[in-house]
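What follows is a short report on a single structure.
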Amino acid sequence: MHEARSASVPVETRAADYLQAASMTAPLLGSGSQETPAVNTYNSACGELTVLLRSSEGGRLWNHPVTLTGNNSTYHLRLEPASHAVWTPNYFTSFELEQQIKEKLIRKENIHKGVGGALVGVRKVNPPEKFAPPRGITAAVTATLDFHGKDATLALRRPAKQPTATVEGKTRPLAANFSAPMSYYQPPGNLMFVGLLGGFNATKYPAPTGLYFMQPYDPDRIPLVFVHGLFSTPFTWVQTINGLQADPEIRKHYQFWIFAYPTGNPILYSALRLREELAKADQLYPNHKPYIVVGHSMGGMLTN
């Protein structure tokens, strides 16, 4: 895939080369549960093709049928439409390869071996959506390719919803990195100082008070609302959320919301702001499942 990765090659040619690499290795995937040269090549081709198509030339080749010709082959590519276990193609505004994201706060990554390109989908729109973190809303995405001759279908699968999928006519586990979407939110280098600053001088706290969704809203999952404590920041919860997401049943049935606030503000004021934010969530998503609030230290006082 050397030529497919070359920025000096036209996008259409690069995309066709990725498709050729995936097409040649797809019949050799086996069970998909073990790393083999064929699985690694197929997974890389699926993931890198998705990033290329979504990001190149303003997404000119994204989400409509295209014919792509490389050095040796011509392919007809389409994106699979949304379903229970497949993301809407246009939902995410960009994708990141899992290996490009630095894991700064997570000690043990939640990685699921399987087939497909493990990606982080990022949705960041202007004006910002309510409850979206400043860097956008993220989620684990697995890109797979199915071939019928020279006709190819690219699917953006939801591994948290369904950890397996029928790929090339056989049910196989999906590759996924459930830690990378959290690690996409990089902490400031002076994280401890930021927490102290929020406790001693709330007016200089760099982050706006508010409720933030750590994944796209899902009406089928129960919200867990995390409220940090004194001299702390929302990054306190990264390890906790990462640990919870290691359980496939929790991944499937729960979603994670975080309330951020400078702890130097009066407790009653911060408690009021928390209730206001939850009321806004009730108004925007009136059919959401009853949420569970988890507070630590001062965060517990806000929830009483």
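So for the range 198-209 (the condition being modelled with pLDDT of 95 or more, part of a loop (DSSP other than H, G, I, E, B) and of a type outside the set (A, V, I, L, M, F, W, C)), does at least one residue qualify?
No, every residue in the range 198-209 fails to be modelled with pLDDT of 95 or more, part of a loop (DSSP other than H, G, I, E, B) and of a type outside the set (A, V, I, L, M, F, W, C).
Filtering the range 216-249 to residues that are surrounded by 21 or more Cβ atoms within 10 Å (Cβ to Cβ) and in a loop (DSSP other than H, G, I, E, B) leaves His228, Ser232, Thr233.
Can we say Gly47 is in contact with a Pro (Cβ under 7 Å, 6 or more places away or on another chain), in contact (Cβ under 8 Å) with a residue 40 or more places away in the chain and either crowded, with 22+ Cβ neighbours inside 10 Å or of a type in the set (Asp, Glu) (or both)?
No, not satisfied.
Across the range 1-49, the number of residues qualifying as in contact with a helix residue (DSSP H, G or I) (Cβ under 6 Å, 6 or more places away or on another chain), under 18 Å from Ala165 (Cβ atoms) and of a type in the set (Val, Ile, Thr) comes to 1. Within the range 56-84, the set of residues being of a type in the set (A, V, I, L, M, F, W, C), crowded, with 17+ Cβ neighbours inside 10 Å and in a loop (DSSP other than H, G, I, E, B) comprises Leu61, Trp62.
The values are calculated or read from the model by the stated rules, or taken from the named source; none is laboratory data. Small disclaimer: the values here were computed from a predicted structure and weren't measured. Here Cβ is always computed from backbone atoms with ideal geometry, including for glycine, and neighbour counts include all displayed protein chains.
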